[in-house]
Amino acid sequence: MSRSASLFIVLGLSISGSLLAADNAEQIVLVGDSTVATHSGWGDSFGKMLKSDVKWVNLARGGRSSKSYRDEGWWKQVLDSKPTWVFIQFGHNDQPGKGPKRETDPQTTFRENLTRYANEARQAGAKPVLVTSLTRRLFDNDGKIDPERLEPVSIPKGFRLTDYAEATRAVAEELDVPLIDLNRLSVRHMNRLGPEAAKRFDPGSKTPEHPDKTHLNSYGAALTAQLVVGELCHVVPEFAPLLKTRLSWNFVFTDGDVQEGGIHVAPQTAYESEQGYGFVSSANTETPALFDVNLVEANYEVTMQFGHSDHSTSTTIKAEARRLMLENVETKAGEYMTRSFTVNVRRPPITPDRSTKLNSRETGPPMHLNWDDQLSFEFNGTKPGVVSMMIRPSHEAITVFIAGDSTVTDQRTEPYAGWGQMLPRFFGPSVAVSNHAESGLALRSFEYQLRLEKLLSMMKPDDYVFIQFGHNDQKDNRDGAGPFSTYKNKLSEFVDVIRAKRGIPVLVTSMERLRMDENGNQTPTLTDYAEAVRQVGKDQNVPVIDLNVMSLKFYAALGPKRSTKAFAFYPAGTLLGQEKELKDRTHHNSYGAYQLARCVVEGIQKHVPELAKHLAKDAERFDPAKPDDPLTFDLPSIPTLQLPKKPAGN
């Protein structure tokens, strides 16, 4: 749309939004009840996701039904505003018990009211969008929201919130009006979160013993608005250009026809914040390219098409901080191939007043790619051939969270790498990896910096949390500190709190440092910490992946002359800007991290069978005594813009 825009959504409370535009501009208005209204609903958060030149107003009013909203004159205000879009959500106050001035029948009067709203909006030149009612956050004894059993016994059958939602769907279908099925979306989302995590949506209550499970605080409003926007971009693609924060994108990187909703991206299209996407480095078929797109915290399924009409291609895709997603996708000339993966995007805030305590390595400048406001892609390979990329929210994906130290983390610069950085490559699109490991951390500091709290705030029931610590826990000099006391106790606490949130913990013993003499004899340094992990696993019936034992087999297979090829061992001048030689016997390079990730995948196949079902089809079994040859291993890298710096910890 070439003109400035604004949108009307029928919902309800005090008027909020930008000033309405002139007569020749598009108008956006929100209409409905308190679950959309200012201070109690998602409407204002939705408005803040619109571009700065888009005019919007929230005319949703608390306590209104589809009947009383019109009777009190609010609908006349909507029409007088000459809207070009009208979003309409009612249901909560139409139910029995609200009094004759508000109650409607979902089979008759409620449908008649919605039909009238939609037809009158169209007659006024507006485009109506119907929205089903946000669910109440009332969980049963199994920790689930069952929409059919949600209502109190005082609500007769046929008048449940789901009946009003079904009536909204019927009107949308009958009139061919776009539908945002927020009722189903919110039920599904709440059931993924579970009752504990859902409490973060509750606004403050004067009576804590009776929390408000209908309305939203600012955190809940923001996430609910994201649900609306995500579905809106799918249902009404033409609305997407009005959003400054989109949840769905469809990019085309080659010349030719672009389908509706698609965005052509030329090699010279540079990233701009207001635009929301673009290259941050040169893009051609011979060199790696970096591409950024604005996205909020969530899991996203990314579907890419690869190929070229005239020549073969070979593409490796990394995301965020060098997170390996797809490896060596190869096509012949004239051949095209489609591959999908799911990537996790996160931001530092936990709640409006609490945030992860990032360190200076993360805050930068530049900000660590795992924490900034964009999803970053690296198009790499011997001859990259990305044709198109479609990004959609993935609400159903399992998330594998990782808590750990520098040997696990997403290292931001070459030549360093952690095994968690390589792990996404071995999963299919039904799994996203969210690597919260950070250099220099032990169990205590991971918790103190609110990284565990952040992880738990994102976790939904049946997500996994892989835990590997030990290297830095050895440095705890407190009286009585040690592997079988403080370390073991804190690890048990992690297990308990994850299970309390209905997550699935998986313990990983720390890989060894390289301590090998010229005869191949190794001197382990983390034996007691590995044994403490095994004991916690046995005592609490937690799966244990024994990376400690597997790493020793891996190093032994390489032998004394080649084992350093798994670590950051490089003569001066090997890397761009490297003036001094690197001899790091703790931290791995991409080859070492890749082999350790294969060890972890082997552990998943043996000890976490339910998760193993979601591994990539080419995730083969692995014997650490028979690793890949480091001389033939080739994972495309990108020249770093920063000098190589040893990660914290050893």
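Just a few scattered comments:
- Filtered by the rule that a residue be part of a loop (DSSP other than H, G, I, E, B), closer than 26 Å to HIS215 by Cβ and either touching a strand residue (DSSP E or B) at 6+ places or on another chain (Cβ under 9 Å) or open to solvent by 70 Å² or more (accessible area, probe 1.4 Å) (or both), the range 92-121 gives GLY97, LYS98, PRO100, LYS101, GLU103.
- Only one of ASN191, ASN217 that is surrounded by fewer than 18 Cβ atoms within 10 Å (Cβ to Cβ), assigned by the TED database to the domain that holds LYS55 and either at pLDDT 85 or above or over 30 Å from VAL387 (Cα atoms) (or both): ASN217
- All positions within the range 141-159 that are surrounded by 15 or more Cβ atoms within 10 Å (Cβ to Cβ) and touching a residue at least 60 places away in the same chain (Cβ under 8 Å): ILE155, PHE159
- A single entry from LEU130, LEU134, LEU138 fulfils the requirement of being in contact (Cβ under 8 Å) with a residue 24 or more places away in the chain, part of a loop (DSSP other than H, G, I, E, B), open to solvent by less than 50 Å² (accessible area, probe 1.4 Å) and touching a Leu at 6+ places or on another chain (Cβ under 6 Å): LEU134.
- Some residue of the range 203-211 being in contact with a helix residue (DSSP H, G or I) (Cβ under 8 Å, 6 or more places away or on another chain), at pLDDT 90 or above and exposed (fewer than 15 other Cβ atoms within 10 Å of the Cβ): yes
- Considering ALA612, ALA619, the condition of being assigned by the TED database to the domain that holds GLN411 and in contact (Cβ under 8 Å) with a residue 60 or more places away in the chain is satisfied by ALA619 alone.
- Flag if GLU327 is more than 22 Å from VAL296 (Cβ to Cβ), open to solvent by less than 60 Å² (accessible area, probe 1.4 Å) and not aliphatic (A, V, I, L, M): yes
- Elements of type helices (runs of 4 or more DSSP H) contained in the range 354-454, each with 3 or more residues being surrounded by 23 or more Cβ atoms within 10 Å (Cβ to Cβ) and more than 16 Å from the chain's Cα centre (by Cα): 419-422
- Residue list for the range 553-581, filter: surrounded by 21 or more Cβ atoms within 10 Å (Cβ to Cβ) and touching a strand residue (DSSP E or B) at 6+ places or on another chain (Cβ under 7 Å): TYR555, SER563, ALA566, PHE567, ALA568
- Whichever residue in the range 504-539 is open to solvent by 10 Å² or more (accessible area, probe 1.4 Å) and either among the hydrophobic types (A, V, I, L, M, F, W, C) or at pLDDT below 95 (or both) and, among such residues, is nearest to LYS561 (Cα to Cα): MET516
The values are calculated or read from the model by the stated rules, or taken from the named source; none is laboratory data. In this text the structure is predicted, and so the values were computed from the model without any measurement. All Cβ positions, even for glycine, are placed from backbone atoms using ideal geometry, and neighbour counts span all protein chains on display. Keep in mind that these areas ignore ligands, DNA and RNA; they rest on the heavy atoms of the full protein, side chains included. Shrake-Rupley method; radii C 1.70, N 1.55, O 1.52, S 1.80 Å.
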